[in-house]
Structures are given as structure tokens and as C-alpha cells.
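Since the structure comes first, as C-alpha cells, the remarks are kept for the end.
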Amino acid sequence: MVSTRKHTGHPHLTGEYRWGDAIQLVMLVLFLVVWITDSFIFRYSTFLRDTVPDYIRITAAGVVLFCGWFLARGGMKAVFGTARQKPEIISSGVFRIVRHPIYTGALLFYLGAILITLSIASAIFWLVILAFYIYIARYEEQLLIKEFGEDYKAYRKKTGILFPKFRQKS
């Protein structure tokens, strides 16, 4: 396992992937470069934009962006805005929907941008970002299993990692 980073001032957190924040920032910058250059400068993979009316694209993007904001805000508030003395499983609020709502919120922000311009190049890069978020979420899940054992495994059965579960495993 890669070394784990702890948040200073937040003793209730079990830790996260050491380079997670830095890589997320690099991914954001790269995504914006691809999205802006493809969507507004070269337009080399935005031909679908001409087939879908603006009101549909913008409405769909607005819904996705709102859902991303809702999940990310709720996750940040629950993780960093709530005082807890020791680590515990957070399974209320947006954590009832997905186990990593902040990551899901970020993915939905990217997806909302893609829907606005229908940039295929950006959508392909989004898949790389999705793979990275799955990787760091699984890394953090191993930390949570070490910390909480069977209780966390039971929570995992009920809640999806990045996307909601609609059927529970028996």
C-alpha cells in the first residue's frame, strides 16, 4: 500500500491516498485544457453538439451539476463540518446514497461540463478520471475496513461506492 496521509486537525478521519489531492488537481487542470481547447477553440470532437438542442444539453447539464454540488457539499459538510472525537462510519445524509459523495460530486461536475458541449475528447478523459477516483476510493475503503471491520463491510453491502445501489445484495 502507498503511504497514507492524515488530515491535521481532523483526528476523526482514518486517512486517504497520499497523492490523491495533488493528482485530482492535475486531473482538473488537464480536463479543463482538453475541454476548453476542444469545446471552444479547435472543436475537433464536438460535432454532436449540432444534433442536440441547446435547451436539452444545458438543462441536462444543470441537473447533473446540481446533483454534483449537492453530493459534494453534503459530503464535505459531513466529513469536515462535523466535530467528532474519534473515527466513525458516516452513513447518514448523502452517505446513504453513496460511500464517496465528494468523489461522485466531482465526477458529476466534469460530466456536467461535458454535457454542455458534448466534447467526445473530454468524455474520454473523464473515463481516465473515473478510473482514478475508483482507485483512490478503493484505497480508502481498505483503510476503512482495517478501522471498522465488519461494520464497514455491512455498510458497503447497502451503499454503492460512487454510484447508488438500486438493488441490495442478498
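The values are calculated or read from the model by the stated rules, or taken from the named source; none is laboratory data. Note that this is a predicted model, so its numbers are computed, not measured. Backbone-built Cβ (ideal geometry, glycine too); neighbour counts: all protein chains shown.
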* **Number of the exception - Tyr135 against (1) over 25 Å from Arg18 (Cβ atoms); (2) within 15 Å of the chain's Cα centre (by Cα)** => (1)
* In region 88-103, is there at least one residue being part of a helix (DSSP H, G or I), closer than 30 Å to Pro53 by Cα and either of a type outside the set (Asp, Glu) or without any contact (Cβ under 8 Å) to a residue 40 or more places away in the chain (or both)? -> yes
* To do: Scan Arg167, Arg96, Arg73 and give me the residue that is over 29 Å from Val29 (Cα atoms) and at pLDDT 95 or above.
  => Arg96
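Please pick out the residue among Val63, Val34 that is out of contact with any helix residue (DSSP H, G or I) (no Cβ under 8 Å at 6 or more places or on another chain), of a type outside the set (Asp, Glu) and closer than 16 Å to Leu115 by Cα.
Val63
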* Asked: What residue, of Val33, Val2, is among the β-branched types (Val, Ile, Thr), over 18 Å from the mean Cα position of the chain (by Cα), loosely packed, with under 13 Cβ neighbours inside 10 Å and modelled with pLDDT of 95 or more?
  -> Val33
* List every residue pair whose Cβ atoms lie under 7 Å apart, where the two residues are 6 or more positions apart in sequence or sit on different chains, the first residue falls within region 134-150 and is farther than 16 Å from Phe163 by Cβ and assigned to a helix (DSSP H, G or I), and the second residue, located anywhere, is acidic (Asp, Glu) and at pLDDT below 95. => Glu140/Glu16
* **Any hit, region 74-92, residues being of a type in the set (Gly, Ala, Ser), more than 21 Å from Val34 (Cα to Cα), in contact with a helix residue (DSSP H, G or I) (Cβ under 8 Å, 6 or more places away or on another chain) and surrounded by fewer than 14 Cβ atoms within 10 Å (Cβ to Cβ)** => yes
* **Test: residue in region 42-55 that is more than 30 Å from Glu147 (Cβ to Cβ) and among the aliphatic types (A, V, I, L, M)** => yes
* Given (1) more than 25 Å from Val33 (Cα to Cα); (2) touching a residue at least 60 places away in the same chain (Cβ under 8 Å), number of the condition Trp126 does not satisfy -> (1)
* Asked: Looking at (1) surrounded by 13 or more Cβ atoms within 10 Å (Cβ to Cβ); (2) in a helix (DSSP H, G or I); (3) modelled with pLDDT of 95 or more, which is the only condition Leu162 fails?
  -> (2)
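Looking at the structure I just gave you, is Ile56 hydrophobic (A, V, I, L, M, F, W, C) and in contact with a helix residue (DSSP H, G or I) (Cβ under 6 Å, 6 or more places away or on another chain)?
Here the answer is no, as Ile56 does not meet what is asked.
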